[in-house]
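To start, the structure itself, in structure tokens.
The values are calculated or read from the model by the stated rules, or taken from the named source; none is laboratory data. Fair warning: this is a prediction, and the values are worked out from it, not measured in the lab. Every residue, glycine among them, receives a Cβ derived from its backbone with ideal geometry; neighbour counts consider all protein chains shown.
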Amino acid sequence: MKNLVGQSFSLAEGRYRIVDVRRLGGDALIYAERVEGGSAAGASHGGRAPGRTAFHYGDIARYLETGNPL
């Protein structure tokens with residue numbers, strides 16, 4: 001799972017880069033930062049992009065399979 005760090009994926013009109021992976025029982029939490037797109041990028045944080053977003057691996061696995069690293 002640690003090999004996912006650095007990969008990127010597109011989701012909901014935004015692009016995310018994986019910055020950390022944590023095991024949680026039989027699942028994994030994928031922490032990603034938005035790198036472009038979407039209305040949330042820099043919207044409500046005084047011009048700064050929001051921090052990390054957590055995803056369950058199973059919810060984004062199909063998006064990771066198509067890859068497209070930055």
Original post:
Do you know which of the residues in the range 59-69 that are more than 12 Å from the chain's Cα centre (by Cα) and either surrounded by 10 or more Cβ atoms within 10 Å (Cβ to Cβ) or of a type in the set (Ser, Thr, Tyr) (or both) is modelled with the highest pLDDT?
Top reply: Thr66
Original post:
Can you name every residue in the range 7-19 that is under 15 Å from Ala54 (Cα atoms) and either surrounded by fewer than 16 Cβ atoms within 10 Å (Cβ to Cβ) or hydroxyl-bearing (Ser, Thr, Tyr) (or both)?
Top reply: Ser8, Ser10, Ala12, Tyr16, Val19
Original post:
If you take the residues in the range 41-58 that are surrounded by 13 or more Cβ atoms within 10 Å (Cβ to Cβ) and at pLDDT below 85, which one is farthest from Phe9 (Cα to Cα)?
Top reply: Gly42
**OP:** Select from the range 20-40 the residues that are assigned to a loop (DSSP other than H, G, I, E, B) and surrounded by 14 or more Cβ atoms within 10 Å (Cβ to Cβ) and list them in ascending order.
**Re:** Gly38, Ala40
Original post:
What number goes with the only condition from (1) at pLDDT 85 or above; (2) over 20 Å from Arg62 (Cβ atoms) that Phe9 does not pass?
Top reply: (2)
